[in-house]
Amino acid sequence: MESPEATYQAPARPPRRDPADVLWRFAKGIFPLVLIGVAVYLVFNFPALWTRLTFMVSSPESASAATLPEVVRTGTLPGGGDGAGQAGVPCEGNIPYDGSGNPRAICDNYIYIPRIRVAAPIVRPASTSEAVINDALLRGVIKYPGTADPGEKGNLFLTGHSSYYWWVDTDYRNVFALVPELRVGDEIVVYHRGKRYLYRTHRTFEVAPTHTDVLKPTRESMVTLSTCVPVGTSYRRIIIRARQISPDPATNVAPGESAETPARLPGVR
């Protein structure tokens, strides 16, 4: 008679899985989700992505800001002549550029960035309330309340959407989509109370949305542009800083008010 020890058999171990097989199964399971995510991202942000793609492919030539007139006369084309009837472009909404890179009309209270062909109204929200700011962003590029005006010493802070929901009715969903393409030396023009203020970019960098120091007053007279990056997210903000070149910033006056410091920089999503 065999002893119990002689008849005992240890349970068979399950076969070891090949790590490569496990990884392959995981990849097969997650790949459809990745495709769906990419498709949703493209659908939501197609206008902004297309704008960036066409800019990078074509690299359109733009006229220098020096071609823009010193004084606004409503509907005036660069180079003279009354363009209100000639161009058929009213001083409202986005102003298109012609094939030579010149805006079709010059309008007061507008920002012009020739290199990336921005010509959009500057909206002045009545308060720093998030709801008020978000509503104003649908109507153009906003001047953050309390920051300096053109002609004042300090920091003029302007922000606009790089991309926004396609089902919302606005012409400004991607007004600042090409702001990340700006480089040191690019020119920015702001028309304020009929006068042209010329700024030249000297610094570009990214910050977290909570880095609100970029809203604070500065010793130099400058404009700060801000928009969300990467496109379709509010993860970071790209900041473009440009010094005032003309009129002579030494003639600027003290700012009339100061900005409240919010918890986050403007931006939706």
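Structure data summary
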{"item": "Gain on full stretching of the segment that runs from Thr128 to Ser258 - 0.36 nm per residue minus C-alpha separation", "result": "45.6 nm"}
{"item": "Potential lengthening between Asp171 and Val34 on full extension [0.36 nm per residue; Cα-Cα distance subtracted]", "result": "46.3 nm"}
{"item": "Extension gain, Leu23 back to Asp135 (0.36 nm per residue minus Cα-Cα distance, nm)", "result": "35.7 nm"}
{"item": "Rounded, prolate or oblate (a/c below 1.5 giving rounded, otherwise prolate when a/b exceeds b/c) for the chain by Cα gyration tensor", "result": "prolate"}
{"item": "Unmatched cysteines, the chain - criterion: no other Cβ of a Cys under 4.7 angstrom", "result": "Cys228"}
{"item": "Karplus-derived 3J(HN,Hα), 6.51/-1.76/1.60, for each residue of region 131-137, Hz, glycine and proline x", "result": "5, 5, 4, 5, 5, 5, 4"}
{"item": "Rounded to 5, the percent of DSSP beta bridges in the chain classed as antiparallel", "result": "80 percent"}
{"item": "Of all DSSP beta bridges in region 102-230, antiparallel share, percent nearest 5", "result": "65 percent"}
{"item": "Karplus (6.51, -1.76, 1.60) ³J(HN,Hα), θ = phi - 60°, over region 175-188, in Hz, Gly and Pro reported as x", "result": "4, 10, 4, 9, 4, x, 7, 5, 10, 4, x, 5, 9, 10"}
{"item": "Spacing of the two label points (7 Å from each Cα toward its C-beta) at Val207 and Glu70, in nm", "result": "3.5 nm"}
{"item": "Only Lys, Arg (+1) and Asp, Glu (-1) charged, at Cβ; region 114-221 dipole about Cα centre in debye", "result": "440 debye"}
{"item": "Only Lys, Arg (+1) and Asp, Glu (-1) charged, at Cβ; the chain dipole about Cα centre in debye", "result": "280 debye"}
{"item": "Cα-based Kirkwood hydrodynamic radius, region 145-269, one decimal, Å", "result": "15.0 Å"}
{"item": "Over the chain: helical MRE at 222 nm, DSSP H runs n ≥ 4 each giving -39500 (n - 2.57), nearest 500", "result": "-6500 deg cm²/dmol"}
{"item": "Per-residue HN-Hα couplings for region 47-59 [Karplus 6.51, -1.76, 1.60; θ = phi - 60°; Hz; x = Gly/Pro]", "result": "x, 5, 5, 5, 4, 5, 5, 5, 5, 5, 6, 8, 6"}
{"item": "Extreme residue, positive dipole direction of the chain, given options Pro255, Gly194, Tyr110 (C-beta unit charges)", "result": "Pro255"}
{"item": "Cα shape, region 89-177, gyration tensor, a/c 1.5 rule", "result": "oblate"}
{"item": "Relative contact order (percent, whole number), the chain, Cα cutoff 8 Å, 6+ residue spacing", "result": "17 percent"}
{"item": "Heavy-atom accessible surface of the chain: percent carbon and sulfur, 1.4 Å", "result": "56 percent"}
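The values are calculated or read from the model by the stated rules, or taken from the named source; none is laboratory data. Quick caveat: nothing in here was measured; it's all calculated off a predicted structure. Because the Cβ atoms are built from the backbone with ideal geometry, glycine has one as well, and the counts that use them run over all protein chains shown. For the accessible areas, the whole protein counts, side chains as well, though only heavy atoms, and no ligand, DNA or RNA atoms are used. Shrake-Rupley method; radii C 1.70, N 1.55, O 1.52, S 1.80 Å.
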